[in-house]
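So the structure is just underneath, and the comments pick up after that.
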Amino acid sequence: MAQVDISVIVPVFNEEDSVGPLCSAIVEALEPMNRSFEVLLVDDGSSDETIPRATAIVAKDPRIQVLRFQRNSGQTAAMSAGIEFANGEFLVTMDGDLQNDPKDIPMMIAKLEEGFDLVVGWRMNRQDKWLSRKLPSMFANKLIGKVTRLPIRDNGCSLKVYRADVIKRVPLYSDMHRFIPAMTIPLGARIAEVGVRHHARQFGESKYGLSRVLKVIVDLLTIKTLLIFARAPLKTFAGISLVSLIAGLLTFLMVQTDGDYRVVETAVFLLFVSLAVFVFLVGLVAAVIFQSKGKLEPPQFPSSQKVLQ
């Protein structure tokens, strides 16, 4: 498709009753903006009537397109595919269950155009079950904020607006769509968080539960590791290299004080030294890559902006 102003990316999985009203609501919200747009429905291997109903919608409105996965691969994979194929200058991601409100999109794009790279939605009056949805999210948001040092209140809200040239540079895998703000730190992204509407689910059932808590913790450890290496790659790798070198020297001293030539200990000594050199060189290459992309800048976080409920 040709270049457009706005691309709305909606991962859907078994949302046969929601896909029609959702597309109508998105079109109704965007048409008054007088900007070109496209809607990318990314089907994550649905087994119900989602695809036939989405195909019927596409036949009536060429601004709506469908990307289809042959099997269920998860929300992050679907979102990543939509981002890759999107043609808009501004990219919008949202859930396909009608809980996010497309009416918030114009407000969020206006906020983005104030000079930000990413605008994150914050569900101010969240319409979800307390025990299975709200409580795990509260725990996850506090943990994510503590580890990443990003003062974002609602990392789990899928309604976000991005500049395409920023989000297309962010690698997404596993279940890391909820960590997108943290993943933009190495890019020096300017981030804003705004209050958005949230509605109770009308059709179907939630695809997520308490089982996602473990995934959040595992992915959070990965994100923290990536951020540590991204901020000072040479320093981090040099530290690991030094530890390996010290271990090698201690092994070497053990071999020398023993008086007898030991093959195993000598091999271990050479292994530690080789590892130290290799790790240091990797850090050197990483530092050169980051320097070639410019110095990293800390993200900016303005005050939250509320919308009428």
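Read the figures in this text as sums done on the coordinates, not as results from a lab. Note that this is a predicted model, so its numbers are computed, not measured. Every residue, glycine among them, receives a Cβ derived from its backbone with ideal geometry; neighbour counts consider all protein chains shown.
Worth a mention:
- Full-extension gain in nm, SER47 to LEU67, via 0.36 nm per residue minus C-alpha separation: 5.7 nm
- The length gained by stretching the chain between LEU249 and LEU143 to full extension, at 0.36 nm per residue less their Cα-Cα distance, is 34.3 nm.
- Length released on extending from PHE85 to GLN3, taking residue separation times 0.36 nm less the Cα-Cα span: 28.4 nm
- Pairs with C-alpha atoms separated by more than 27 Å, drawn from the list LYS103/LYS129; LYS103/LYS146; LYS60/LYS111; LYS129/LYS168, are LYS103/LYS146; LYS60/LYS111; LYS129/LYS168.
- Qualifying GluC sites (Glu not before Pro) for the range 8-64 [loop in DSSP, other Cβ within 10 Å: at most 16]: GLU49
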